[in-house]
Amino acid sequence: MPIRLLPETLVNRIAAGEVVERPAAAVKELVENALDAGATRIDVVVRDGGKSLITITDDGCGMTPDELSLAVERHATSKLPGDDLLDIRSLGFRGEALPSIGAVSHLTLTSRPRGADSAWSLTVDAGLKGTPQPAALAAGTRIEVRDLFAAVPARLKFLKAPRTEYDHIADCLERLAMAHPGVAFTLSDGGRSGLRLSAAQGDLLDARLARLGALMGRDFQENAVPVQAVREGVTLAGWIGLPTLHRPTARHQHLFVNGRPVRDKLMVGAVRAAYADFLPRDRHPLLALFLEIDPQEVDVNVHPAKAEVRFRDQGLVRGLIVGSLKHALAEAGHRASTTVGLATLGALRPERQEDGGAPDGGFITPSPLPYNRGGGGGSWGGGSWGGSAGQPSSAGPRGLAERSAAFQAPYQSGLPPLQGRLSGFAPAARPPEYAPAPANAPPLDSHPLGAARAQVHNTYIVAQTAQGIVIVDQHAAHERLVYERMKAALLEGGVKRQALLIPELVELDEPSANRLLGRAAELAELGLAVEGFGPGCVLVREVPALLGQSDVKSLVRDLAEELAELGDALSLKERLEDVCGTMACHGSVRAGRALGVEEMNALLRQMEATPHSGQCNHGRPTYVELKLADIERLFGRR
C-alpha cells in the first residue's frame, strides 16, 4: 500500500482522540481557555453528560473576528510568547483544543472583546470552518459544543452513562475551581444546578480554604492546617488535613503545579512519606497543595491532557513537600480532628429498642457514670450536663449518692500524696514525674486537655476542660510520646541504653535470628544490643532506656517479624517509623494499668507539649474531645 497524507479532517479527529477522550476533557480545555482569558465568572451547562450539549460562558477578554478564525486552526495559540515550549505560563497552550473539538462535533464560538460595540460568531461543523457572522453577546465568550463525537460514532460507544460523564465533568470543574478561588463557577445540567461557587474574598490562603471548604466539606475546613514554604525559588502553599482525618482512598488529595491540576507520582509519594509517621498504610490524608515553580524548571508537555508533569530537580520538590508537611503537622501540636468527637457523639446518640420503643416510651439513655464534681457546671450519672456544680439535675439510681461520695472522698482534701503513687513503674513506662503546680498557676481545666478526673477500666483517662470533656487512650497517647522521644534521641546522637541485670535469651527460628543479627549494628544505634547465642537464639544485653521494664522477648520477636517485612533493601533509619513504632508500643503505659491523678495530669501536660500527640503511631486518635454544647444536645438540653 503506498504512503499517503491523511485528509485534514481525519488528522483533526485523530488529534481529538488524544486531547478529547470524553466530555470532561473538552470542558477542561475550554474552561482553561476561559481562565487564561482573565475570566472572573465561568458558567457551564451540559446535557446528557455533555454528549448532546456543552455550553461554557465567561466574562474574559473576548476575541475579534480575525482571532475567532485563527483560534480554530491547528497549533494556533495566544499563550506562547516565544518559541520555547518549556516557557509555559498559561493553562492551555497546545493550540489543539478548539480544532480538535470542532473536528468531532458542531462547534459554535461567540465572542465580544471588552470595549467592542458588537459580538461575532463562528461555527465549525465536523471540521468544516465557516466565516465570522455578527451576533449578540455581552463582553466575553460563549462556546457551544453540540453532538460531541457525532463524527466518530466508535468513540461515542465507549462513553459511560450520562450521570457518570456528568460526574467526571463536575470533578474536573471542582479541581480547576480549587486552583482559582477568585473566580465564580456554576455547573448545571440544563435543569437543576449542580455546582454554584461564588468568588472567594480575602487573601489567597484564606480564599483557598473557603473554596476548599465549599468543595471538600466542612470537616476539612475545620481540621486543616496551613502550609507555606519557599525553597530555592519554589513556593509551596495550601491546606492539609490533620492525620486523624483520613479516607480509604487518595481521591481527596488535590495537587496543583502553577495553577494546573495534576496527578504526579513524585508529589503523591512525597505526601505519603510526610504522613508515614501518622497514618496506617491503607489510609490517606485530605489535602490541597499548590506548587509554584519557574516554568523552565517543569515540563508540562509530558501528557496530551497535561495531567502529568516532570520536574528538572525532583529532589528539591520532594524535599520541599516532605519537609513543609512535616513542619505544618508539628505546628498543629496535639490537635486531633473534630470528626473524632462527632463520630463519638454519633455512637452515643439514643436509639430505640427493637420492640418499638424504650421503657416508658422514651429513649434509651447511657448507663449512669459516677458523679464527678470538678466544676464546669456539669454532672454525670442520674442527671445530665448543665445542672449547678455539685448537684445532679435529677434523682439517680439507688446507691448512686453513696458511690458518688466514695468517689469524691480522695479529692476533698486535695490530691493524693505523691510518695508511693509512682513506685513500681519503669522510668519510661509511666508519664513524667509529677511536680506540684505553683500557687498562682491557672486551674488545670483551663489547659487544652483539661484536668484529669477519673480513669475508666484502667485504660481511659477522663478529663474536664473549660468547654467539655476529653477522653484519652492512655496506651495510645504514651506510645506516641515515647516514639517522639526516641526520634529526638536519635537526632541528638543516639538512644541511651540500659544494661539488663540478667541478659535475656530469646529463642527464634533460625532465619529470624539471622535477620536480627544481620541488623545488630543498626539496632545498637536504636538502643538495642543483641548478639548470637547459638542457632536460632539471640541474647539481649541492653535495651533502650526509654522503654523501661518492657517485655524484652515480645519486643525482639515483634522486631524480627518487622524486619522480615522490611527486607534487606532499606536501612532501619529509612524505615525508622516502623522500628521505633514497634519499640514504643512495648515501652508505653499499657492498657489495664491503674494511674494516679498526678500521673494522668502529667500525661495530659506532656501530650500538650508534644507534636503529633493527637494520634498514635498507627494513625488512631489518642483522645476524643466532646464539647459541652454537644453533650447538652445529646441529652435534649439544647
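Where a number appears in this text, it was derived from the coordinates with a stated rule and is not lab data. On a predicted model such as this, the values are computed, not experimentally measured, just so you know. Cβ sites come from the backbone with ideal geometry, for glycine too, and all protein chains shown count toward neighbours.
Computed from the Cβ-Cβ distance with R0 of 22 Å, the FRET efficiency linking Gln467 to Ala441 stands at 0.65.
Amide H contacts of Ala529: Arg541, Glu542, Val543, each under 5 Å away and 5 or more positions distant or on a separate chain (H built 1.01 Å from N in the peptide plane; Pro and chain starts excluded).
Return the FRET efficiency for the residue pair Glu21, Glu522: r is the Cβ-Cβ distance, R0 is 30 Å, and the value is rounded to the nearest 0.05. The value I calculate is 0.05. Amide hydrogen proximity for Ala454: with H placed 1.01 Å from N in the peptide plane, the residues at 5 or more positions away or on another chain lying under 5 Å are Val462. With the highest mean first, a sort of the peptides 514-527, 154-167, 60-73 on other beta-carbon atoms found within 10 angstrom per residue produces 60-73, 514-527, 154-167.
In sequence order, segment 249-262 has phi-based couplings of 10, 8, 4, 9, 9, 10, 10, 9, 10, 6, x, 9, x, 9 Hz under the Karplus curve 6.51 cos²θ - 1.76 cosθ + 1.60, θ = phi - 60°, and Gly or Pro positions carry x.
Using 0.36 nm per residue and subtracting the Cα-Cα separation, the extra length available between His75 and Ala136 on full extension is 19.1 nm.
Stretched out straight at 0.36 nm per residue, the stretch from Ser118 to Arg146 would grow longer than its current Cα-Cα span by 7.7 nm.
Take the Cα of Lys160, step 7 Å toward its Cβ, do the same at Leu539, and the gap between the two points is 6.3 nm.
Modelled this way, with points 7 Å down the Cα-to-C-beta line, the labels at Thr235 and Leu501 are 6.3 nm from one another.
Dipole size of segment 204-331 about its Cα centre, with +1 on Lys/Arg Cβ and -1 on Asp/Glu Cβ: approximately 420 debye, rounded to the nearest 20.
Between Ala330 and Arg637, the modelled label-to-label distance comes to 4.1 nm, taking each label 7 Å out from Cα in the direction of the beta carbon.
Legend: Rg and Dmax of segment 204-331, from Cα coordinates, 13.9, 39 Å.
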